């Protein structure tokens with residue numbers, strides 16, 4: 001599942017991780033991304049030290065046998081972590097789906113953690129690029145879900161998503177125990193404080209936050225990418 005930052009991707013990982021037949025992995029390219037870009041993210045040194053920085057080895061893990069006898073391997077991915085130099089052909093070996101969120105909401109949330117994001121930090125450009133690659137390679141439209149729709153009707157949207165990726169829906173996806181997980185990345189204590197308190201998808205709370213003027217052009221570029229995928233969202 002390809003997402004960008006400040007989405008409901010961790011809650012989605014909780015939903016899939018609560019299935020008995022599913023193994024989850026949390027942002028497996030993050031250590032590689034930080035080691036390559038030198039971005040100053042919270043806990044960056046710890047993330048790099050605890051993760052795999054060779055993208056080829058990451059791909060081998062993601063496309064190899066599913067560990068622990070599980071049937072489904074849910075991979076929570078940040079689109080901006082898939083740097084241009086990473087080979088895309090492996091995407092043909094997995095089922096790709098896309099989680100989108102209104103860029104105004106994303107930016108309003110993101111600047112609470114990092115005040116001055118650049119366009120690539122928000123993942124919209126990369127998400128659209130990955131979407132087009134997958135669509136062209138598979139000659140079909142990969143599933144797209146909008147975060148707002150999931151929060152407004154979790155069961156309906158998860159049923160649609162499960163059907164689209166060819167697995168049976170499970171009621172276990174609708175709730176989960178609170179707290180952090182062993183499967184969470186090393187960055188969880190910096191970013192997952194709110195989701196750690198949850199036991200289900202939380203109702204959508206529309207934000208009235210405005211996009212800062214200096215980020216308006218970035219917002220408009222993100223909006224173009226968001227609208228492109230929004231056209232194909234599951235309904």
Note: among 84, 67, 103, just one is within 22 Å of residue 125 (Cβ to Cβ) and exposed (fewer than 12 other Cβ atoms within 10 Å of the Cβ), namely 84
Given (1) over 22 Å from residue 212 (Cα atoms); (2) part of a helix (DSSP H, G or I), residue 95 misses just (2)
Expected single match for part of a helix (DSSP H, G or I), in contact with a strand residue (DSSP E or B) (Cβ under 9 Å, 6 or more places away or on another chain) and surrounded by 13 or more Cβ atoms within 10 Å (Cβ to Cβ) among 134, 58 is 134
Residue 169 - would you say it is at pLDDT 95 or above, touching a helix residue (DSSP H, G or I) at 6+ places or on another chain (Cβ under 8 Å) and surrounded by 17 or more Cβ atoms within 10 Å (Cβ to Cβ)?
no
(1) assigned to a helix (DSSP H, G or I); (2) buried (at least 18 other Cβ atoms within 10 Å of the Cβ); (3) touching a helix residue (DSSP H, G or I) at 6+ places or on another chain (Cβ under 8 Å) all hold for residue 145 apart from (1)
Is it the case that residue 98 is closer than 25 Å to residue 71 by Cα, crowded, with 18+ Cβ neighbours inside 10 Å and modelled with pLDDT of 95 or more?
yes
With respect to residue 163, is the statement that it is surrounded by 13 or more Cβ atoms within 10 Å (Cβ to Cβ) and without any contact (Cβ under 8 Å) to a residue 24 or more places away in the chain true?
yes
Tell me whether the range 184-204 contains one or more residues that are more than 27 Å from residue 104 (Cα to Cα) and out of contact with any helix residue (DSSP H, G or I) (no Cβ under 6 Å at 6 or more places or on another chain).
no
Residue count, the range 61-92, condition assigned to a loop (DSSP other than H, G, I, E, B) and more than 18 Å from residue 129 (Cβ to Cβ), comes to 5
Please verify whether the range 210-217 includes one or more residues that are in contact (Cβ under 8 Å) with a residue 40 or more places away in the chain, closer than 23 Å to residue 79 by Cα and in contact with a helix residue (DSSP H, G or I) (Cβ under 8 Å, 6 or more places away or on another chain).
yes
Selection from the range 156-190 of residues closer than 22 Å to residue 206 by Cβ and under 19 Å from the mean Cα position of the chain (by Cα) yields 157, 158
Result of the Cβ filter at 9 Å on the range 34-49, keeping first residues that are loosely packed, with under 15 Cβ neighbours inside 10 Å and partners that are outside any helix (DSSP H, G or I), at least 6 apart or interchain, is 40/114; 42/113; 42/114; 42/187; 49/186
By residue number, the members of the range 182-197 that are surrounded by fewer than 17 Cβ atoms within 10 Å (Cβ to Cβ) and either modelled with pLDDT of 95 or more or in contact with a strand residue (DSSP E or B) (Cβ under 9 Å, 6 or more places away or on another chain) (or both) are 182, 183, 196, 197
Per the list (1) surrounded by fewer than 18 Cβ atoms within 10 Å (Cβ to Cβ); (2) within 23 Å of residue 28 (Cβ to Cβ); (3) touching a helix residue (DSSP H, G or I) at 6+ places or on another chain (Cβ under 9 Å), residue check on residue 124 breaks on (1)
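The values are calculated or read from the model by the stated rules, or taken from the named source; none is laboratory data. Please read all numbers here as calculations on a predicted model, not as lab measurements. Glycine gets a Cβ as well: all are built from the backbone with ideal geometry, and neighbour counts include every protein chain shown.
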